[in-house]
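Colleague: Below is the structure I would like to discuss, written out as structure tokens.
None of the figures in this text is laboratory data; all of them are computed from the coordinates on show. Note that this is a predicted model, so its numbers are computed, not measured. When we count neighbours, we look across all protein chains shown, and the Cβ atoms used for this are built from the backbone with ideal geometry, even at glycine.
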Amino acid sequence: MAGCMGAWRYVTSLEICRSLSNVIGPRHLLCRYNAAYLYLLGHVLELGFGPGVGLKDALAKLGPHGHLYGVDPSEYMHSVASRRLASGIQTGQVQLFSGTAESLPLPDGIIDRVFHCNCYYFWPDLDKACNEIKRVMKPGAFMVTTLSISVLRMLEDYGVFKDVKWQPQPYMEALQRANFTDVNMKSFQQGSFKYQAIFAAVK
Ligand SMILES: C[S@@+](CC[C@H](N)C(=O)[O-])C[C@H]1O[C@@H](n2cnc3c(N)ncnc32)[C@H](O)[C@@H]1O
């Protein structure tokens, strides 16, 4: 049953992701804003990379000595992102893994920066995911996720987000329970597009 629920969630998020990817321009902007806040360096991980827009942007900013990891459970997203990131994968600078935020296929303490966009809403167990993410991060590492509360509210009103818990508060509380520090959310505006970024650090 748990397996079925997990599979259901992935399918749901995949469908949402696929159907919205051409409709919501700001979603792609959000992916890029993540990289803007990260001061990208070292070993960088994107959770739930989807079609790979955020990874592509991060790769351009990372420089030749950085390394980019992506983890996503969806085979479809792997195939799309693999095409988008083909050159980085070929040089070995980008590695895409099949997995989830709750069970990362990475060793302890190797990651300097983590980002994710439109993703935590689909994690079945926020506490498990936050503990797992912290496990792979180095001391001094930090994480950012971007979201647009106004867009998410609109999607909820349109009935797109059935059973999807997108509200930032439970996610931020799970980060605190996992002993992330400096957990905070800031609001930003780019033109008429309003969005938020949630930050969390590891001591
Ligand atoms: C709405 S899409 C967002 C994709 C990408 N971040 C973007 O904004 O373009 C959500 C992504 O999260 C992935 N996902 C679903 N459950 C996940 C989990 N438990 N851990 C990590 N990723 C997950 C899905 O496969 C999908 O690619």
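Colleague: Calculate, for residue 203 and residue 87, the FRET efficiency according to 1/(1 + (r/R0)^6) with r their C-beta to C-beta distance and R0 35 Å; round to the nearest 0.05. Spell out each step's value before the answer.
Modeller: Numbers: r = 36 Å, r/R0 = 1.03.
Result of the calculation: an efficiency of 0.45.
Colleague: Full-extension gain between residue 60 and residue 165, please, as 0.36 nm times their residue separation minus the C-alpha to C-alpha distance. Please list the in-between numbers first.
Modeller: Working: separation 105, 0.36 × 105 = 37.80 nm, distance 3.18 nm.
Net length gain for the segment: 34.6 nm.
Colleague: With +1 on each Lys and Arg Cβ and -1 on each Asp and Glu Cβ, how big is the dipole of region 50-195 about its Cα centre, in debye rounded to the nearest 20? Don't skip to the end; give the middle numbers.
Modeller: Details: 15 positive and 14 negative charges, 81 e Å.
The dipole magnitude comes to about 400 debye.
Colleague: Also, I was wondering about something else. Which order do the peptides 167-173, 71-77, 143-149 come out in when sorted by mean C-beta neighbours inside 10 angstrom, highest first? Before the final figure, lay out the partial values.
Modeller: Working: 167-173: 15.4, 71-77: 20.3, 143-149: 22.6.
The peptides rank, most packed first, as 143-149, 71-77, 167-173.
Colleague: Say each of residue 189 and residue 98 gets a label point 7 Å from the Cα, pointing the same way as Cα to Cβ; how far apart are those two points in nm?
Modeller: 4.6 nm
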